[in-house]
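Each reported figure results from applying straightforward, stated rules to the coordinates on display, with no laboratory input. Keep in mind it's a predicted model, so treat the numbers as computed, not measured. All Cβ positions, glycine included, derive from the backbone under ideal geometry; neighbour counts span all protein chains shown.
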Amino acid sequence: MNLRVNGKDVELPGPISLLDYITGLGVDPRAVAVELNGEIVARESYTELTLSEGDRLEIVRMVGGGCR
Amino acid sequence: MPLAPFTPDQVQRYARHLILPEVGGAGQRKLLNTSVLLLGAGGLGSPAALYLAAAGVGRLGIVDFDDVDASNLQRQILHGVADLGRPKVDSAEEAIRAINPDVEVVKHSLHLNSENALDVFRPYDVIVDGTDNFPTRYLSNDAAFFRAKPLVHGAIFRFEGQMTMFEAAKGTGCYRCLFPTPPPPGAVASCAEAGVFGVLPGIIGSMMAFETIKLVLGIGETLVGRLLIFEGYDMSFRRVNLRRDPRCPLCGDEPSVKGLIDYENFCGVTAAEPSVSLAPAELAAR
């Protein structure tokens, strides 16, 4: 299964929930926003959404800093 | 109000703007009559302030409570060696005046908080957010919404920068539509903990000035509704679409946030966390 994640091609063995995919990357789901195929996904939907072939995913990390 | 003609100095200074059809005399006058509030005179605020001043934005307010520290000089180009230990608003004012004496600088030497934010924002046309912590991010987002001010948002981390613009009172969505809740305390490293590539704020802060000026002039396509992500490590840009979330607690259909709240409590942290720094020997060993 091929996805595009943050502008890069990614190959996965099979369907996986958005939450499992994100946590598998070591990303805290509470510290990101996720856009799937051009739409921001509500955090409550991370468990029920399954990634599938051709999906375009953007994982946007929360950044506090402007750096003082 | 009758328009004062440009002085000969101004005609020379702004010649490259005046000749651009998208700016011209009317646009330059607009800039001179515009006031912009910069939140933070640090990494992002430095290039933003210098370019806004050079462009002839008439009044620049600067909110910052910090003094210049040696660890700032790697990226905060408003400040120099002679400014170490001085309030950042003071060195910022000098740097701005040195570039363009047309610009009036208003120094706000304070911690922005729920008590003062609405008053501080009131006299400005645009708010430029280059702050360094989540409580202030949410505070400036909410205060800009309540004051119906455009908010130019920039953030940096290691080699990555993000920037966008919200006009939440016009229904564009806001920071909370993208990030409804702050990350759990400790889940996101600060720049002091994780480092930041020194040129990065130069790029993001300059783009913040760029977008601010476009917004004032009403030209081109702004970043409203889009978050731009700059990945400096491989020199790529990506864009994420943003829109108003009808369930947003601030700008949604049934808002629960109806005034400024306690943002430190909301974020589970203190706004003025001491920066985590390694001892010089530890740093040098890295």
Any idea what the dipole of the range A:2-61 comes to, in debye rounded to 20, about its Cα centre with Lys/Arg Cβ at +1 and Asp/Glu Cβ at -1? 220
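Figure the gain on full extension for B:Asn33 and B:Glu193 (residue separation times 0.36 nm, minus the Cα-Cα span) and round it to one decimal in nm.
Extra length from B:Asn33 to B:Glu193 when fully extended: 53.6 nm.
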If you rank B:Met235, B:Met208, A:Met1 by fewest surrounding Cβ atoms within 10 Å, what's the result? B:Met235, A:Met1, B:Met208
Restricting to bridges with both residues inside chain A, how much of the DSSP beta-bridge set is antiparallel, in percent to the nearest 5? 90
To the nearest 0.05, how large is the calculated FRET efficiency for B:Glu254 and B:Arg122 if R₀ is 35 Å and r is the Cβ-Cβ distance? 0.80
In bins 10 Å wide, starting from 0, what share of all Cα pairs of the range A:2-61 does each bin hold, as a percent? 23, 66, 11
For the residues A:Arg4, B:Arg147, B:Arg137, what sequence is obtained by ranking on other C-beta atoms within 10 Å, fewest first? A:Arg4, B:Arg147, B:Arg137
Shape box of chain B [Cα atoms, principal axes, largest first, Å]: 54, 52, 40
If you place +1 on the Cβ of every Lys and Arg and -1 on the Cβ of every Asp and Glu, how big does the dipole about the Cα centre of the protein assembly as shown come out, in debye to the nearest 20? 880
Suppose R0 equals 45 Å. What FRET efficiency, 1/(1 + (r/R0)^6) with r the Cβ-Cβ distance, do B:His111 and B:Glu22 give to the nearest 0.05? 0.75
Taking chain B and dividing mean pair separation by its residue count, relative contact order in percent (alpha carbons under 8 Å, at least six apart): 18
Taking only pairs that are 8 or more places apart or on different chains, how many Lys pairs in the protein assembly as shown have Cα atoms under 18 angstrom apart? 8
Once you have the Kirkwood Rh of the protein assembly as shown from its Cα pairs, apply Stokes-Einstein at 20 °C and 1.002 mPa s and quote D in µm²/s. 101
Listed with the fewest Cβ neighbours within 10 Å leading, B:Phe6, B:Phe237, B:Phe121, B:Phe134 appear as B:Phe237, B:Phe6, B:Phe121, B:Phe134
Count charges around B:Ile99 for me, please; just the other residues with Cβ under 12 Å from its Cβ, Lys/Arg as +1, Asp/Glu as -1. -1
